[in-house]
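Written out below as structure tokens is the structure these notes cover.
No lab work stands behind these numbers, since they all come straight from the coordinates. All values reported here derive from a predicted model rather than from experimental measurement. Heads up, the Cβs are rebuilt from the backbone with ideal geometry, glycines too, and the neighbour counts pull from every protein chain shown.
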Amino acid sequence: MSLLDDINHINNQAKERISNADSLDSLNEAKVKYLGRKGELTAVLKELKNLSVDEKKSVGAQANRCRQELEELIATAAGKFSTSKTDSSFDYTLPGTSSQIGVVHIINQVIDEIVNIFHGMGFEIARGPDIETDYYNFEALNFPPDHPARDMQDTMFVEGGRILRTHTTPVQVRKLEEQNPPIKIIVPGRTYRNEAISTRAHIAFHQVDGFLVDEGVSMADMKGVLVAFCKSFFGPDLKLKFRPSFFPFTEPSAEVDVSCFLCKGKGCQLCKYSGWLEILGCGMIDPNVLIKTGHDPEKYTGYAFGMGVERIAMLKYKINDIRHFFNNDIRFLRQFK
Ligand code: DAH
């Protein structure tokens, strides 16, 4: 057999082995076997010295082509097994681009904070429908038939004579119908009114209502809970003022003012130089509401309260326009991380 035949034979064998290689290790073995210092092709080259000048030229050239071809095949095959994909055009030392993480909307943050404080005092969380009937929104809450809130000017009506609830108080009626005292519930939710949109008013906003019904509940119990809430929400060294007021569904009724937490009651722009901020409405549940929901007002009494979330959020975070809450300008929302 001539050396040229040997080279062809090695070439065929080596190609087969390279194409069957299933790992970097087996490729390496093939490389050593054929191209290594003691490899088969190297051995052929060592024989060249015994040939004539002409033969040396042609056999040497053939051996070099074979070596080159096998080296290229091995390099390509090795690429398949390589796990590190290096892309020389990529600069790994550059800082990464950070992705933006969203924030809970400030209104939801405030709702969560209010609800959590009451939850900590044993109130259970309840919700009701946004679309209400006149009965739950007004009638069962002791609104007289000619009350101005029942007017189309103030309330938004939907098809079928139903309305968008103007407050979260109707959930009190629904829960009082469902359960027997003791009942202790906090109700967050969306509310709607047919208002001209301005810095202070919007057609859709949020409220939190709360109420407790049991035997022997008094206004002192209500004061205790509301003082605890206000101090927890606005700050511990706060003063509260219970001012007589009126709501159809409570008797007696009151509104709660807190001493301005910004100027500590001295008078500033936030409190309009009065030293006080109006925070919520409250009162003892009117006996008519208890009767309408099937409870004996001689046996049970209860208190209730309600507050506007946007108003409280505006005071706490010194926001001067209610529309910021609804515009969803990311620069505004991101401030409340
Ligand atoms: N529903 C009243 C409003 O929208 C707020 C309110 C006042 C709720 C007194 C109550 C309450 O539960 O007892 O203005």
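Below is a table of values for the structure above.
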item	result
Estimated FRET transfer efficiency when R0 is 41 angstrom, pair residue 125-residue 94 (beta carbons, to 0.05)	0.30
Ascending count of other beta-carbon atoms within 10 Å, so fewest first, for 42, 76, 301	76, 42, 301
Helix axis angle, 106-120 relative to the chain longest principal axis, alpha carbon, degrees	70 degrees
Full-extension gain in nm, residue 335 to residue 55, via 0.36 nm per residue minus C-alpha separation	92.3 nm
Where a label projected 7 Å from the Cα of residue 327 along Cα→Cβ would reach, residues of region 103-132 with amide N under 19 Å	103, 105-108
Debye log10 I(q)/I(0) at q = 0.06, 0.12, 0.16 Å⁻¹ for the chain, Cα point scatterers	-0.45, -0.91, -1.34
Low-density loop cleavage sites - trypsin sites (Lys or Arg not before Pro) in region 80-139, where at most 15 other Cβ are within 10 Å (DSSP)	85, 127
Listed residue (219, 161, 248) projecting farthest to the positive dipole end of region 106-336, Cβ model	219
DSSP-loop chymotrypsin sites (Phe, Trp or Tyr not before Pro) across region 1-103, with at most 10 other Cβ within 10 angstrom	90, 92
About the Cα centre, charge dipole magnitude for the chain (Lys/Arg +1, Asp/Glu -1 at Cβ), debye	1460 debye
Order by protection proxy (mean Cβ within 10 Å, highest first), peptides 143-151, 200-208	200-208, 143-151
Candidate aspartates and glutamates - alpha carbon under 17 Å from residue 231, same-chain residues fewer than 8 apart omitted	112, 113, 221, 255, 257, 278
Projected area averaged over orientations for region 3-89, convex hull of C-alpha atoms, nm²	6.7 nm²
Entries of 56/80; 175/337; 184/223 with Cα pairs more than 25 Å apart	56/80; 175/337
Sorted largest first, extent of region 91-147 alpha carbons per principal axis (Å)	74, 29, 16
16, 255 arranged by Cβ crowding within 10 Å, fewest neighbours leading	16, 255
Fewest-first sequence of 271, 263 by Cβ atoms within 10 Å of each Cβ	263, 271
Chymotrypsin sites (Phe, Trp or Tyr not before Pro) within region 250-291: DSSP coil, no more than 16 neighbouring Cβ in 10 Å	273
Sites residue 318 and residue 243 - FRET efficiency at Förster radius 30 Å, r taken between beta-carbons, to 0.05	0.80
